[in-house]
Amino acid sequence: MRGTVKDGAMLSRRHLVGLGLGSLATATLTPRPSHAQGSPALGPNRLVLLGTKGGPAIRQGYTPAPSSNLIVYDNVPYVIDTGYGVSFKLIDAKFPLPALRYVFITHHHSDHNAEFGLLMNNAWAIGLKTPVDAYGPKGMHGLADGFWQAYRFDIETRMADEGRPDLRKLVAVHEYTEGPVMEGKGVKVTALRNVHPPITESFALKFEFPGKTIVFSGDTAYFPPLAEFAKGADILVHEVMYAPALERLLAKTPNAPTLMSHLKASHSLPDEVGRIATQAGVKALVLNHLVPADDPSVTEEVWVDAVRPTWKGDLVVAHDLLEIAL
């Protein structure tokens, strides 16, 4: 099955892909009663691919946003990666920023963490008053502390002038490594160290909810242990790189030879992604963190054809603001 809906920011209705149904299901989000007293109703359980571009470069013309994702499950939100533009993408997805609760960073490349501090600040600017737990690999404390220092004047001025709570005390930062990350009411999150040189603190993340499991590969080269980690998952969201288009991509880049070496060592090709999904026996595969994401010659059909030799199951090619019903 392939997702073909247009960019959600341009539409008044939200579009959801009904996995396993063999067709595209379209529905308007209807808020459900809140599961926590005083918390906003966030709508049905869903996965939103907010930003689907691999790499931090923002070029002239339309460019998909760097990496960010949203899970809403039982009225609790989980943001996975905070690449540039995540605040605007969440707003475009009709998500109220003050409802932030959990944030996870897979690794400290800028296309995955650049807007962490600004996301916290943007939520606070429009009313965040409740705690946020933020999880990331080693360096997460430094990421947060650097932002607090850079924005200290603004934060303290607005606290005094506008009567806001101290944002720095609302955000609890946690550093994780391979293994259990967090476990709470109705969710368990586990990390698997993947292969993304030269970064060693880079992880895949598995979210286990009652009756639903979602795995994010993170940025990684072909890594067979990921298949066992994702065994039987309902959805595997996996990064992917299309090798035939790399020369055109690198023609725009001054450090092309060095970047090419990094891409080859650190990312997965379509046939490798399909092989992981097949070995894992997942119910659906979502291609995400597309490299390249803004080459008009690399169409959805190109991605599908490149994966099909090794994956025959349900398949979604992500684009910004694509929603998948859970």
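Computed from the coordinates by the stated procedures, all read-outs in this text should not be read as laboratory data. This one's a predicted model, so the numbers in the text were calculated from it and none came from an experiment. Neighbour counts are summed over all protein chains in view; Cβ atoms, including those assigned to glycine, are modelled from backbone coordinates with ideal geometry.
Using the Cβ atoms and a cut-off under 13 Å, what net charge is assigned to the surroundings of Asp219, where Lys and Arg are +1 and Asp and Glu are -1? Numbers along the way, then the final one.
Details: positive: Lys53, Arg193; negative: Asp81, Asp111, Glu201, Glu239.
Counting the neighbours of Asp219, the net charge comes to -2.
Over the Cα atoms of the stretch 33-147, what is the Rg over Rh ratio if Rh follows Kirkwood?
Rg divided by Rh gives 0.96.
Taking 0.36 nm per intervening residue step and subtracting the Cα-Cα distance, what contour gain separates Asp305 from Ala41 on full extension?
Once the chain is fully extended between Asp305 and Ala41, it gains 91.1 nm.
So if the hydrodynamic radius of the stretch 133-254 is defined as the Kirkwood radius over C-alpha pairs, what does Stokes-Einstein give as its diffusion coefficient at 37 °C and 0.692 mPa s, in µm² per second?
189 µm²/s
Across bins of 10 angstrom width beginning at 0, how are the C-alpha pair distances of the stretch 92-200 distributed, in whole percent?
13, 43, 33, 11, 1
For a test of the definition: using alpha carbon positions, the gyration tensor, and the 1.5 limit on a/c, classify the stretch 8-325 as rounded, prolate or oblate.
prolate
Might you report the magnitude of the Cβ-based charge dipole of the stretch 230-326 about its Cα centre, with Lys and Arg at +1 and Asp and Glu at -1, to the nearest 20 debye?
360 debye
Can you pull the Kirkwood radius for the stretch 171-321, inverse mean 1/r over Cα pairs, to one decimal in Å? All intermediate terms of the calculation are to be shown ahead of the outcome.
Working: mean 1/r = 0.0620 Å⁻¹.
Its Kirkwood hydrodynamic radius stands at 16.1 Å.
First select every other residue whose beta carbon is under 9 angstrom from the beta carbon of Ala284; then total the charges, Lys and Arg +1, Asp and Glu -1.
On the way: positive: Lys283; negative: Asp234, Asp314.
Local charge sum for Ala284: -1.
Just in the stretch 209-309: which GluC sites (Glu not before Pro) are loop by DSSP and have at most 14 other Cβ atoms within 10 Å?
none
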